1. For the chain, what D do you get in µm² per second when you plug the Kirkwood radius from alpha-carbon pairs into Stokes-Einstein at 10 °C and 1.306 mPa s?
2. What helices in the chain pass both tests, a Cα length along the helix axis of 24 Å or more and a mean Kyte hydropathy of 0.0 or higher, using whole DSSP H runs?
3. Among 13, 79, 56, whose Cα projects farthest towards the positive end of the dipole of the chain, with charges put on the beta-carbon of Lys, Arg (+1) and Asp, Glu (-1)?
4. Compare 82, 122, 111 in a GNM of the chain, Cα atoms joined below 10 Å, and give the one with the largest fluctuation.
Amino acid sequence: MTRGRLSWLVMALVIAGALFVGAHRPSGPRTENQRVQHIASEIRCPTCRNQSAAESDAAAAKAVRDEIRRRVRDGQSEGEIVAFLVSRYGSDILLKPQASGVAGLVWALPVVAVIGALAGLVVAFRRWRARPGVAVTPEDRELVERALERS
């Protein structure tokens, strides 16, 4: 298979996968329970390590879920609820840190490093390809022939 056809095949598979995922997403507005579950899954349990408030059975996690449910019923947005919880418990309550300030560097530096490494590899490979080959002299051929005759 030629290189051009392979790239078209990969692109078609990616588009088909994106269409499949997009077509199978639940449509319509979320229910109250779905909203509470979604927000609680992004909030760390105040007393548990590396467990979301949605997964934990601890009393503190139940209190967080109850607070989220009360605020959802009051009509607050997800951002408002998360902002309240951050103001109450600190930014450590978020399972995914905000991508701003120093925390933004934690998210951005690996991406920048990978892009820089790939760019360096591209430059290196182009330089290696651009170097002219070494010309074989008659003396070199004669040395090889003598070595082959000895074998």
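Quick note: the coordinates plus some simple rules give every number you see, no bench work behind them. This structure is a prediction, so every number in the text was calculated from the model and none was measured. Glycine also receives a Cβ, built like all others from the backbone with ideal geometry; neighbour counts cover every protein chain displayed.
1. In µm²/s, the coefficient is 73.
2. Within the chain the helices that satisfy the rule are 3-23, 101-130.
3. So the residue we want is 13.
4. In the Gaussian network model the winner is 122.
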